[in-house]
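> Shown below is the structure under consideration.
The values are calculated or read from the model by the stated rules, or taken from the named source; none is laboratory data. The structure presented is a predicted model; accordingly, all values stated were derived computationally and were not measured. Don't worry about glycine lacking a Cβ; one is built from the backbone with ideal geometry, like all the others, and counts go over all protein chains shown.
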């Protein structure tokens, strides 16, 4: 075998070993209905993943007296901005162990930024508007995604290896897991049927004068 041909074979073999996979998910509830806002992640079991903060701007806005979006998955160490796009003040806080914080009354047009440097689920509320609720899911893996309204999500570019698939949703009693081995080709779609708890979020009053917060 000539030297150029040998080098080409070695290169092809190396590419075969490092080819990444795209992993697609389809998440439904017990009745077969699509589940939005589920966070799917792949945790490597062979060796810890190298995780750095996201380079993209991440925000959880206060708009229409709601938090948008409801669920925000981020890498550990990522900065998240909380802009007030409402016409009223908000008091944003969390008592969750991974990130306890308190952003006292701040005015429309103002924004605060926090770094989420510990993994876990951070539940966020507003001390003025009780119905406002959001979650920041802080992950120690770069391979994750959030399901859309159709219950679908795609995690692209996952290296070969052994992984623990984790599914989180606000209405799950506990995280759902499944082991997965990737060999370099796109994996078959992964389907999960979740048993969700009832939605007990505080409801807004329908109109001014109806009592409670507006």
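> Filter region 95-113 down to the residues that are touching a residue at least 24 places away in the same chain (Cβ under 8 Å) and farther than 13 Å from residue 61 by Cα, then identify the one that is surrounded by the fewest Cβ atoms within 10 Å (Cβ to Cβ).
Looking at the filtered set, the residue picked out is 95.
> Could I ask something else about it? Checking residue 78 against (1) touching a residue at least 24 places away in the same chain (Cβ under 8 Å); (2) surrounded by fewer than 19 Cβ atoms within 10 Å (Cβ to Cβ), which single condition isn't satisfied?
Looking at each condition in turn, residue 78 falls short on (2).
> Is there a residue in region 155-171 that is outside the structural domain of residue 102 (by TED's automatic domain parsing) and touching a helix residue (DSSP H, G or I) at 6+ places or on another chain (Cβ under 8 Å)?
yes
> Can I ask one more? Pairs only if they're at least six apart or on different chains, beta carbon under 8 angstrom, first in region 185-196 and surrounded by fewer than 16 Cβ atoms within 10 Å (Cβ to Cβ), second part of a loop (DSSP other than H, G, I, E, B) and modelled with pLDDT of 80 or more; list them, first residue then second.
Short answer, once both residue conditions are applied: 185/19; 193/30; 193/32; 195/30; 195/172; 195/173.
> Report yes if some residue within region 178-188 is modelled with pLDDT of 95 or more, in a strand (DSSP E or B) and under 21 Å from the mean Cα position of the chain (by Cα); otherwise report no.
The answer is yes, given that some residue of region 178-188 is modelled with pLDDT of 95 or more, in a strand (DSSP E or B) and under 21 Å from the mean Cα position of the chain (by Cα).
> Right, next: Check 28, 81 and return the single one that is at pLDDT 90 or above and farther than 25 Å from residue 177 by Cβ.
Being at pLDDT 90 or above and farther than 25 Å from residue 177 by Cβ holds for just one of 28, 81, which is 81.
> Within region 54-62, does at least one residue satisfy the condition of being surrounded by 15 or more Cβ atoms within 10 Å (Cβ to Cβ) and more than 17 Å from the chain's Cα centre (by Cα)?
Yes, region 54-62 contains a residue that is surrounded by 15 or more Cβ atoms within 10 Å (Cβ to Cβ) and more than 17 Å from the chain's Cα centre (by Cα).
> Sticking with this one: Check residue 135 against each of (1) outside any loop (DSSP other than H, G, I, E, B); (2) touching a strand residue (DSSP E or B) at 6+ places or on another chain (Cβ under 6 Å); (3) surrounded by fewer than 19 Cβ atoms within 10 Å (Cβ to Cβ) and name the one condition it does not meet.
So residue 135 meets the others, but not (3).
> Then there's this: Could you go through region 46-69 and let me know if any residue there is closer than 24 Å to residue 190 by Cα and outside any loop (DSSP other than H, G, I, E, B).
No, region 46-69 contains no residue that is closer than 24 Å to residue 190 by Cα and outside any loop (DSSP other than H, G, I, E, B).
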